[in-house]
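The structure under discussion appears below in the form of structure tokens.
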Amino acid sequence: MMETSELTKKRISDYLREGKRFDNRKLLEFRDLKIELGISKNAEGSARVKLGKTDVMVGVKMDVMEPYKDSQNEGVLSSIAELLPMSSDRFESGPPGFESIEVGRLIDRSIRESGFVDFKKLCIKEGEKVWSVMIDFYSINDNGNLVDAAVIGAVAALIDAKMPKYNEEKGKVEFGEWTNKKLPLSKSIPITMTFYKINGKIILDPIKEEEDASEAKLTLCIIEENGKKYITAAQKGNEAGLSIEDTGKIFEIAEKEYDILVEKFQKAMKEAEKE
Amino acid sequence: MSYTKRFDGRKNDETRKIKIELDIIPNADGSALFAFGDTIAMAAVYGPKQLHPQHMQNPKKGLLRVKYDMMSFSVTERKRPGPNRRGTEISKVTEWALSEVVELDAFPNTVVDVHIMIPQANASTRVAGINAACLALARAGVPMKEMCSAVSIGKLDKTLVVDVIKEEEDYEEGEGATDIALAFSSRSKKILLLQLDGQISADELKEAIQLGSKTCDKINEQLKDAIKALGKEE
């Protein structure tokens, strides 16, 4: 996928002025969401997520380790993203660039701050042994909006996950053996949405060309607790600034879109569990 | 006790169920998935395209670059994300194997990148990767002299078997396990890949190569059929 031409960017921006997009979607409308669970038998949990032509894989592996000094009674989370050269000729082999670090960080913060995983319940012995949950992300085909797809994949893989067998005597995990126990997860699904600003318009779930045409982006992770919505992670990206009014408007849109996306997620999960 | 009955009940010369999917990655010029049972390989081809930096360009022939890696969760004990020494070696031997069948002279000054990724592994990943790569190259329309295909042969105690699984790799009875990765060109029947770990006599290895060649012929038919079937759809 080559860098988007100035002409295409201008057309995207002209279209948007009339409230239209190349693929006929509404400004805030997501593409079709398809989830596949259990894509690796050797993972504790795994999922493949397709948002239109964007295709990603996420896996959860677990191990037992010493807790961090500042959280002696809590499990540990780590998240690494690899933007594979397989998924786009814009990505190169070699050490991770900023983009893959950012995707990893945004998965990490979306999962950690949303309270989706009860890390206190992942303590085996305070100060000595806790579970570590490692979420690894791979892009398979990048056609925009990798971050939102990544967090959907992480949540799906966590729901899919079974706890591995832990040998208490040896203090070690029996790799390749699992219990029937699921991870301690909250019922509220965290949803991460990245809003893109193009020529004064705000859109969701951009294709690659729309990402290229955008001036600024704002990623928000939303959860719902007791009927009230909260923003649990946020990051403004790219060089252009956002006005206070625009930002406030985005917060309000995000709360509304949350309900639509949770429904979309649940529907895709039901389909995935059938297979 | 000699190894007479395979762990998964297959005949000695029988591969696991082969699954092929083509054009799985829309961004790539060619792509494919190839699976031997639970071992899944995905491959994407980008190119031929301009090679940078310029001093690496060769006016006589094109360059083929292969990168193989496994996803961290493809194995029971998590693999650290990113390339390691094992992956670097597999990338290179795969590159050597494919370079023999790709018409490198047809695209001077340019490069073809082949990316192989393993989302789920149960042994024999490098040979599954070569099959996926060969399909992806064909779908990308990269000029090829002929096709190639690959398979693993195991010697468990004294018994030769085709398409080794993890349990067989770890077989310890009698003479134990010898694991042989093989790839052949489809028409000229040349050996494109030969790697071996274990202990085996020269005569037995000759026999293993014969078995590998025969099996690769069969696999090659399936690769060709898959490409033809798609051709009919288009």
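The values are calculated or read from the model by the stated rules, or taken from the named source; none is laboratory data. No experiment lies behind these values; they were computed from the predicted model shown. Cβ coordinates were reconstructed from backbone atoms using ideal geometry, including for glycine residues, and neighbour counts include every protein chain displayed. All accessible areas refer to the heavy atoms of the entire protein, side chains included, with ligands and DNA or RNA removed. Shrake-Rupley method; radii C 1.70, N 1.55, O 1.52, S 1.80 Å.
Students often get this wrong: which residues of the stretch A:61-79 have the backbone nitrogen under 17 Å from the point 7 angstrom along Cα-to-C-beta of residue A:162?
A:61-63
Stretched out fully, how many nm does the piece from residue B:210 to residue B:172 gain, at 0.36 nm a residue minus the Cα gap?
11.2 nm
Find the accessible area per residue for chain B; the probe is 1.4 Å, ligands and nucleic acids are left out, and the unit is Å².
Numbers: 10690 Å² over 234 residues.
That works out to 46 Å² for each residue.
If you take the square roots of the eigenvalues of the alpha-carbon gyration tensor of the stretch A:160-220 and sort them as a ≥ b ≥ c, do you get rounded (a/c under 1.5), prolate (a/b over b/c) or oblate?
prolate
³J(HN,Hα) across the stretch A:67-80 via Karplus (A = 6.51, B = -1.76, C = 1.60, θ = phi - 60°), whole Hz, x for Gly/Pro?
Listing the rounded values in order: x, 5, 4, 8, 8, 5, 10, 10, x, 10, 10, 9, 9, 10 Hz.
With every protein chain left in place and a probe of 1.4 Å, what is the accessible surface of residue A:30, to the nearest 10 Å²?
The value for residue A:30 is about 20 Å².
Pop out the ³J(HN,Hα) list for the stretch A:238-247 in order, Karplus 6.51 cos²θ - 1.76 cosθ + 1.60 with θ = phi - 60°, rounded to Hz; leave Gly and Pro as x.
3J(HN,Hα) across the stretch A:238-247, in whole Hz: 6, 6, 5, x, 10, 6, 4, 5, 4, 4.
Any residues in the stretch A:86-101 that have 20 Å² or more less accessible area with all protein chains than in their chain alone, probe 1.4 Å, and which are they?
At a threshold of 20 Å² (probe 1.4 Å), the residues of the stretch A:86-101 that become less exposed are A:86, A:89, A:93.
Mind pulling the angle between the C-alpha long axis of helix A:146-160 and the longest principal axis of chain A? Nearest 10 degrees, somewhere in 0 to 90.
That works out to roughly 30 degrees.
Kindly work out what percent of the DSSP beta bridges joining two residues of the stretch A:6-274 are antiparallel, to the nearest 5.
Percentage antiparallel, nearest 5: 90.
Mind computing the radius of gyration and Dmax over the alpha-carbon atoms of the stretch A:6-274? Å is fine for both.
19.2, 67
Hey, for a label at residue A:11 modelled as a point 7 Å past Cα toward Cβ, could you say which residues of the stretch A:187-212 have their backbone N under 19 Å away?
A:198-199, A:206-212
Ratio to report: Rg/Rh of the stretch B:37-136, with Cα atoms as the point set and Rh obtained by the Kirkwood method; give two decimals.
1.02
If a/c stays under 1.5 just call it rounded; otherwise compare a/b with b/c (prolate if a/b is bigger, oblate if not). Do that for chain B, with a ≥ b ≥ c from the square roots of the Cα gyration tensor eigenvalues.
Cα axes put chain B in the prolate bin.
Between the DSSP loop rule and a limit of at most 10 other Cβ atoms within 10 Å, which trypsin sites (Lys or Arg not before Pro) in the stretch B:46-82 are left?
Here the sparse-neighbourhood loop sites are B:60.
Within the stretch A:61-114, which trypsin sites (Lys or Arg not before Pro) sit in a loop by DSSP and count at most 10 neighbouring Cβ atoms inside 10 Å? Provide the component values of the computation, followed by the final result.
Working: sites: A:61, A:69, A:90, A:105, A:109, A:112; in loops: A:69, A:90.
Answer by residue number: A:69.
Taking amide H positions as placed 1.01 Å from N in the peptide plane, with prolines and chain starts having none, which residues 5 or more places from residue A:132, or on another chain, fall under 5 Å of its amide H?
When sequence neighbours closer than 5 places are left aside, the close amide H contacts are A:63, A:64, A:65, A:76.
May I ask you to give the percent of accessible area on chain B that is carbon plus sulfur, with a probe radius of 1.4 Å?
Within chain B, the accessible surface is 49 percent carbon and sulfur.
Buried by at least 30 Å² relative to the chain on its own: which residues of the stretch B:5-34 qualify, computing accessible area with a 1.4 Å probe on protein heavy atoms?
Output list: B:25, B:26, B:27.
Considering only protein heavy atoms and a probe of 1.4 Å, how much of the accessible area of chain A is carbon and sulfur, as a whole percent?
C and S atoms contribute 48 percent here.
Keeping all protein chains in place, calculate the accessible area per residue for the stretch A:6-274 (probe 1.4 angstrom), answer in Å².
47 Å²
Are there residues in the stretch A:26-45 whose accessible area shrinks by at least 20 Å² when all protein chains are included rather than the chain by itself, and which are they (probe 1.4 Å, ligands and nucleic acids not counted)?
A:39, A:40, A:41, A:42
Could you work out the per residue convex hull volume over the alpha carbons of the protein assembly as shown, in cubic angstrom?
Roughly 177 Å³ of hull volume per residue.
Karplus couplings for the stretch B:150-167 from phi (6.51 cos²θ - 1.76 cosθ + 1.60, θ = phi - 60°), rounded to Hz, Gly and Pro as x?
Coupling constants for the stretch B:150-167: 9, 7, 9, 10, x, 10, 10, 6, 10, 9, 8, 10, 9, 6, 6, 9, 3, 4 Hz.
What lysines does residue B:190 reach when the alpha-carbon gap must be under 21 Å and sequence neighbours fewer than 8 apart in one chain are set aside?
Within reach: B:92, B:145, B:206, B:214, B:218, B:224.
Between the DSSP loop rule and a limit of at most 14 other Cβ atoms within 10 Å, which GluC sites (Glu not before Pro) in the stretch A:26-99 are left?
A:29, A:92
How far is it, in nm, from the label point at residue A:244 to the one at residue B:5 when both lie 7 Å from their Cα along the line to the Cβ?
Inter-label distance under the simple model: 7.8 nm.
Just to confirm a number: summing +1 for Lys and Arg and -1 for Asp and Glu over residues other than residue A:174 whose beta-carbon lies under 12 angstrom from that of residue A:174, what do you get? The partial results should precede the final answer.
Values: positive: A:165, A:170, A:172; negative: A:63, A:168, A:169, A:177, B:77.
Result for the local shell: -2.
When Cβ neighbours within 10 Å are restricted to other protein chains, what is their mean count per residue of peptide A:232-242? Mind showing how you got there, number by number?
On the way: counts 0, 0, 0, 0, 0, 0, 0, 0, 0, 0, 0.
The per-residue average across the peptide is 0.
Grab the Cα-Cα distance for residue A:53 and residue A:72, subtract it from 0.36 nm times how many residues apart they are, and report the gain in nm with one decimal.
Contour length minus Cα-Cα distance gives 2.6 nm.
Accessible area lost on pairing A with B, both sides, 1.4 Å probe, Å² to nearest 100?
2500 Å²
Counting DSSP beta bridges in the protein assembly as shown, what percent are antiparallel, to the nearest 5?
Close to 85 percent.
Just reorder B:96, A:178 by solvent-accessible area, largest first, 1.4 Å probe, all chains present.
Per-residue accessible area, sorted high to low, gives B:96, A:178.
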